[in-house]
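Read through the structure below, which is laid out as structure tokens, and then see the notes.
The values are calculated or read from the model by the stated rules, or taken from the named source; none is laboratory data. Just so you know, these numbers come straight off a predicted model, no measurement behind them. Neighbour counts run over all protein chains shown; Cβ positions are idealised from the backbone, glycine included.
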Amino acid sequence: MNLNLNIANSSWENWKKTLGQAVEFAEELGISREQITSMAQQVGDLLAQNVPPANPEQKTVKELWDVADQQEKQVLASLMTKLASKK
């Protein structure tokens with residue numbers, strides 16, 4: 001599976017599609033939804049610190065991430081993986 005973040009960052013729909021592919025791949029590997037959410041939270045921290053938002057939706061998510069406490073970040077990570085998995 002090839003996750004090209006440059007393409008993913010070009011639009012919100014591409015970003016959701018790329019994240020959805022990553023979630024699907026993790027599920028195929030037998031990783032639980034709880035573990036996926038935990039990994040999504042870690043990736044969220046990494047992205048928030050190192051990658052500038054590429055579109056208004058990502059900017060909104062980053063702003064929410066920046067003001068969230070750990071429990072709220074878990075909720076955001078869970079919601080993002082659910083959103084990306086929605087078919």
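When both residues are 6+ apart or on different chains and their Cβ atoms are under 6 Å apart, which pairs have a first residue that lies in segment 64-86 and is closer than 17 Å to W15 by Cβ, and a second that is charged (D, E, K, R) and at pLDDT below 95?
A84/K16
Tell me which residues, restricted to segment 49-87, are of a type outside the set (S, T, Y), closer than 17 Å to A22 by Cβ and assigned to a helix (DSSP H, G or I).
The answer is Q58, V61, L76, A77, L79, M80, K82, L83, A84.
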